[in-house]
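Undergrad: Take this structure, written in C-alpha cells, and hold onto it; I'll ask about it next.
The values are calculated or read from the model by the stated rules, or taken from the named source; none is laboratory data. Not measured: the values here are computed from a predicted model. Quick reminder, even Gly has a Cβ in these numbers, built from the backbone with ideal geometry, and neighbours come from all protein chains shown.
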Amino acid sequence: MVSIEIFFWLSFFIVWYAFIGYGILITLLVKLKTKNNTQLATITDWLPVTLVIPCFNEADIINLKIQNCLALAYPTNKLKIVFITDGSTDNSGQIIAQYPEILWLHSNAREGKSAAENRAMLHVKTPVVVFTDANTTLNTDALKNIVRHFYNPKVGCVSGEKRVITEVTDGANATESLYWKYESYLKKKDSDFYTAVGAAGELVAFRTSLYQPMPHDTLLDDFIQSMQIAANGYKIVYEPEAYAMETPSANIKEEIKRKVRICAGGWQSMVRLWPYIAFAKNWKLAFQYYSHRVLRWTVVPFLLIIMLVFTAILAFNSFFYALLCFGQIAFYTVAILGYLLEQKNIRFKLLYVPFYFCMMNWAVLAGLKRYLNGQQSAIWEKAARK
C-alpha cells in the first residue's frame with residue numbers, strides 16, 4: 001500500500017505540474033531573470049515579406065480573407081501575397097485571380113498543407129515568410145508587429161496569437177477561449193524566459209533562410225518547423241500584438257475531431273523532434289518543451305486513470321483517500337453531464353471546465369491510437385466552424 005500511495009502522489013504532482021505548476025514556475029523564473037531593457041527600434045525601412053495563405057475550397061470566405069490581407073498596414077512595395085489552392089474543386093481560385101496584386105498558385109493534386117507550403121516556398125524570395133490560415137482575420141498591424149522582431153539576428157521564428165471569437169454566454173466555446181487565453185499567457189512567459197515552445201499555423205513567421213521543407217505526411221508542420229529552428233539555436237518570439245481571430249468549432253463533435261487530429265500530430269511531432277531536442281544540447285529549450293508540451297501529450301492522460309484506480313484501492317483503508325476517490329468520481333460525473341447537456345444544446349459554463357479538461361486528455365489517447373495505426377491523414381477534413 002505504501003508504494004501505491006507514493007505512486008499516487010507522484011502522479012498527482014506530475015498532473016498538477018503539467019497544467020498549473022509549470023505556469024507558476026515559469027512566471028517566477030521570468031521574474032527572477034535579469035531584465036533586458038532593450039527596446040525594439042523604430043523601423044522606417046521594413047523588410048520585404050511574403051504572406052502565404054494555404055486554402056482548400058474556401059470560396060465562401062476567400063473574399064473576406066483577401067480584403068483582410070490587402071488592408072494590412074505594411075508597405076505595399078515590401079509585401080507579396082500568395083494564395084495557394086492545391087486540390088480545391090470550388091471557384092476560390094477564380095475569385096483570387098480577380099486580384100492582379102496577388103499571386104495565385106494551384107495544382108489539381110491534393111497532397112496536404114505541408115506539400116502546399118513547400119511548393120509555395122519555391123516562390124518566396126523575401127527574407128521573411130508569414131503563414132496564416134484562410135479562416136482567420138488578422139489585426140491591421142499584425143505584420144509590422146511580427147517583422148520588427150526579425151531585425152534581431154537571434155530570432156528565427158515569430159508566433160502570433162490565436163484568438164477565439166465567442167459569445168460570453170456560449171459555455172463550451174467560452175471554455176475553449178479561456179483555455180487559449182491561458183495558453184497565450186504561458187507562451188508569452190516561455191518567450192520571455194528563453195523561447196516560445198513551438199508555433200501554431202493560424203499566424204506564424206519564419207526567417208526564410210531557416211525554412212526546411214516538411215515531409216508531406218507531416219501533421220503539425222508549423223510546430224515541427226518552429227521547434228527545429230529553436231533546436232538550431234534561434235529564438236521563437238511570441239507576439240500577442242499580432243493576432244489571428246477565428247470562430248470556434250461549430251459544435252462539440254467538431255471540436256473533439258479537431259483535438260484528436262492535433263493530438264495525433266503531437267505524437268508524430270515528439271517522435272520526429274526527438275533527435276533535435278536533448279538536455280545536452282540546450283537545457284532551457286528541453287526544460288520548456290518537456291514541461292509545456294511533452295507531459296500533456298504523453299503521461300498525463302494515463303496518470304489520471306492510474307490516480308483513480310489507486311485512490312479506489314486506498315479508499316478501503318482510509319477515509320481521506322475515500323474522499324479523494326469520491327472527488328474524482330464527482331469531477332468525471334460533472335464532465336459527462338456537461339457533455340450530455342451539450343448534446344441537447346443546454347449550456348452551463350461551470351460544467352464545461354471539467355468536460356473540456358477530460359475531452360483534451362481523451363483526445364491524447366485517441367490521437368495515439370490514430371498515430372500508431374496510421375489512421376490520421378495529413379490531408380485533414382476541414383472542421384466546421386460557427
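Undergrad: So TYR179 fits all but one of (1) modelled with pLDDT of 95 or more; (2) closer than 22 Å to GLY265 by Cα; what number is the exception?
TA: Condition (1) is where TYR179 drops out.
Undergrad: Report, by residue number, each residue of the stretch 351-371 that is free of Cβ contacts under 8 Å to residues at least 40 places away in the same chain, farther than 11 Å from PRO301 by Cβ and surrounded by fewer than 20 Cβ atoms within 10 Å (Cβ to Cβ).
TA: LYS369
Undergrad: Quick check on THR42: is it without any contact (Cβ under 8 Å) to a residue 12 or more places away in the chain, surrounded by fewer than 18 Cβ atoms within 10 Å (Cβ to Cβ) and hydroxyl-bearing (Ser, Thr, Tyr)?
TA: yes
Undergrad: Could you list, in sequence order, the residues of the stretch 59-88 that are under 28 Å from the mean Cα position of the chain (by Cα), more than 24 Å from GLN225 (Cα to Cα) and hydroxyl-bearing (Ser, Thr, Tyr)?
TA: If the condition is that a residue be under 28 Å from the mean Cα position of the chain (by Cα), more than 24 Å from GLN225 (Cα to Cα) and hydroxyl-bearing (Ser, Thr, Tyr), then TYR74, SER88 are the ones that fit.
Undergrad: Give the stretch 199-243 a look and list any residue that's within 18 Å of ALA120 (Cβ to Cβ), part of a strand (DSSP E or B) and of a type in the set (A, V, I, L, M, F, W, C), or say none.
TA: Once the filter is applied, which keeps residues that are within 18 Å of ALA120 (Cβ to Cβ), part of a strand (DSSP E or B) and of a type in the set (A, V, I, L, M, F, W, C), the stretch 199-243 yields LEU203, VAL204, ALA205, PHE206.
Undergrad: Tell me, yes or no, whether the stretch 129-150 has at least one residue that is outside any loop (DSSP other than H, G, I, E, B), among the polar types (S, T, N, Q) and touching a His at 6+ places or on another chain (Cβ under 8 Å).
TA: The answer is no, given that none of the residues of the stretch 129-150 is outside any loop (DSSP other than H, G, I, E, B), among the polar types (S, T, N, Q) and touching a His at 6+ places or on another chain (Cβ under 8 Å).
Undergrad: Kindly establish whether ALA59 is over 30 Å from TYR321 (Cβ atoms), of a type outside the set (Lys, Arg) and without any contact (Cβ under 8 Å) to a residue 60 or more places away in the chain.
TA: yes
Undergrad: Next up: LEU303 is checked against (1) at pLDDT 95 or above; (2) in contact with a Cys (Cβ under 8 Å, 6 or more places away or on another chain) and fails just one. What number does that condition carry?
TA: In the conditions (1) at pLDDT 95 or above; (2) in contact with a Cys (Cβ under 8 Å, 6 or more places away or on another chain), LEU303 misses (2) alone.
Undergrad: Shifting gears a bit: Taking the condition of being part of a loop (DSSP other than H, G, I, E, B) and not small (Gly, Ala, Ser), how many residues in the stretch 250-274 meet it?
TA: Final tally of qualifying residues: 2.
Undergrad: Considering only residues of the stretch 224-256 that are of a type in the set (D, E, K, R), in contact with a Ser or Thr (Cβ under 8 Å, 6 or more places away or on another chain) and farther than 30 Å from LYS284 by Cα, which is surrounded by the most Cβ atoms within 10 Å (Cβ to Cβ)?
TA: Selected residue: GLU255.
Undergrad: Restrict the check to the stretch 185-198 and report whether at least one residue is assigned to a helix (DSSP H, G or I), of a type in the set (A, V, I, L, M, F, W, C) and either modelled with pLDDT of 90 or more or surrounded by fewer than 16 Cβ atoms within 10 Å (Cβ to Cβ) (or both).
TA: Looking for residues that are assigned to a helix (DSSP H, G or I), of a type in the set (A, V, I, L, M, F, W, C) and either modelled with pLDDT of 90 or more or surrounded by fewer than 16 Cβ atoms within 10 Å (Cβ to Cβ) (or both), one finds at least one in the stretch 185-198, hence yes.
Undergrad: Let me ask something else. If ILE277 satisfies every condition in (1) more than 21 Å from LEU10 (Cα to Cα); (2) part of a helix (DSSP H, G or I); (3) touching a Leu at 6+ places or on another chain (Cβ under 9 Å) but one, which is the exception?
TA: Status for ILE277: all satisfied but (2).
Undergrad: Would you confirm whether any residue within the stretch 60-74 is assigned to a loop (DSSP other than H, G, I, E, B) and farther than 23 Å from MET245 by Cβ?
TA: no
Undergrad: Scan the stretch 315-327 and give yes if some residue there is surrounded by fewer than 19 Cβ atoms within 10 Å (Cβ to Cβ) and touching a residue at least 60 places away in the same chain (Cβ under 8 Å), otherwise no.
TA: There is at least one residue in the stretch 315-327 that is surrounded by fewer than 19 Cβ atoms within 10 Å (Cβ to Cβ) and touching a residue at least 60 places away in the same chain (Cβ under 8 Å).
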